[in-house]
Amino acid sequence: MFNQKPIKRTIGGMTLASLMLLCFSSIGVTQTVTGNNNPNPQEESLADSVPDRRRGGASRRPHPLQNREENEVEEMVQAPDRRKPAASRNDNQCNFNPQQLIALIPKNLRGKTTADSPRLYFSVPAITPNTEIEFVLRGTRDELVGKQTFSGPGRAGIMSLQLPKVPRLSASSSRNSYHWYLSVICNPNDRADDVVVEGLLQPVALPSHQLQQLEGATLEERLNFYQSYDLWHERLDTLASLRRSQPQNSRSSQQLGQLLQSDSVQLDPSLGQQPLLETQRLSLNR
């Protein structure tokens, strides 16, 4: 009985085996088409979370980061690189290349700090004083913490913004991130022409005994401490303050350039040689 040949049935000139093969092939095609028409839910949520730069105000806001998985948030902030604005438009009324506006923050857009009144740094072109710049800070649930407009600095260089003491910042846990936007208002009548950069500000709290290590520490020791705890804003502010106090010291410009060129940042080191502009102190009105 084991020598009998397999039975082969035909249906309308087609073997049963051929019919089964055709069915499996059809299923494969159906699955492929279905997969193309229904993107991965995570990809959809990531696409929805990217701020719309085409519109001013609320339309640029992403969905709140509070309820997102940590890896999803990291993926969102890494792509695309929003430290620099989009390419120059033909209708740009600011008379500068938008790529010249750069937020001096890490590549993942996240800057950690222990300060309750940190400074943010930007490489800016010669934005005229009659052009307004808007800074907006939003909370962990996308609520408005504060915003303020101020005049362009009038010359190119490194502009610093001193944030006020915000209770919600100083009382934050290390898991909270605050989303900020810097918008150059090229056309007050159409905020779609804004040149925008953005980032995440993450306040962190360190035990007092760790912060005591900074008492009497040398500059090099302070920088090593900030690097150990990934305190971006303290590292950048220390080097910028050193440059400001010692303008003839080429070493400070070199150190600042090295920080901007580091693996986690990957910006042009020559940005560190730009002149330091006067600090703009913000009050962040509601």
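The values are calculated or read from the model by the stated rules, or taken from the named source; none is laboratory data. Fair warning: this is a prediction, and the values are worked out from it, not measured in the lab. Virtual Cβ from ideal backbone geometry, glycine too; neighbours counted across all protein chains shown.
Please verify whether region 260-283 includes one or more residues that are touching a Cys at 6+ places or on another chain (Cβ under 9 Å), within 26 Å of residue 135 (Cβ to Cβ) and not in a loop (DSSP other than H, G, I, E, B).
Scanning region 260-283 turns up no residue that is touching a Cys at 6+ places or on another chain (Cβ under 9 Å), within 26 Å of residue 135 (Cβ to Cβ) and not in a loop (DSSP other than H, G, I, E, B).
Among (1) in contact with a Phe, Trp or Tyr (Cβ under 6 Å, 6 or more places away or on another chain); (2) without any contact (Cβ under 8 Å) to a residue 24 or more places away in the chain, there is one condition residue 249 misses while meeting the rest; what is its number?
It is condition (1) that residue 249 fails.
Just a yes or no: is a residue in region 261-281 among the hydroxyl-bearing types (Ser, Thr, Tyr) and without any contact (Cβ under 8 Å) to a residue 60 or more places away in the chain?
Filtering region 261-281 down to residues among the hydroxyl-bearing types (Ser, Thr, Tyr) leaves 262, 264, 270, 279.
Keeping just the survivors that are without any contact (Cβ under 8 Å) to a residue 60 or more places away in the chain gives 262, 270.
Yes, region 261-281 contains a residue that is among the hydroxyl-bearing types (Ser, Thr, Tyr) and without any contact (Cβ under 8 Å) to a residue 60 or more places away in the chain.
Are there any helices (runs of 4 or more DSSP H) wholly within region 132-244 with 2 or more residues that are over 16 Å from residue 112 (Cα atoms) and either without any contact (Cβ under 8 Å) to a residue 60 or more places away in the chain or polar (S, T, N, Q) (or both), and if so which?
208-211, 219-228
Could you figure out which of (1) out of contact with any Phe, Trp or Tyr (no Cβ under 7 Å at 6 or more places or on another chain); (2) closer than 30 Å to residue 125 by Cα; (3) modelled with pLDDT of 90 or more isn't true of residue 224?
Residue 224 satisfies all of (1) out of contact with any Phe, Trp or Tyr (no Cβ under 7 Å at 6 or more places or on another chain); (2) closer than 30 Å to residue 125 by Cα; (3) modelled with pLDDT of 90 or more except (2).
Kindly establish whether residue 139 is buried (at least 21 other Cβ atoms within 10 Å of the Cβ) and small (Gly, Ala, Ser).
Taking the combined requirement at face value, the residue does not satisfy it.
Scanning for something buried (at least 21 other Cβ atoms within 10 Å of the Cβ), closer than 18 Å to residue 140 by Cβ and of a type in the set (S, T, N, Q), does region 169-176 turn up at least one residue?
no
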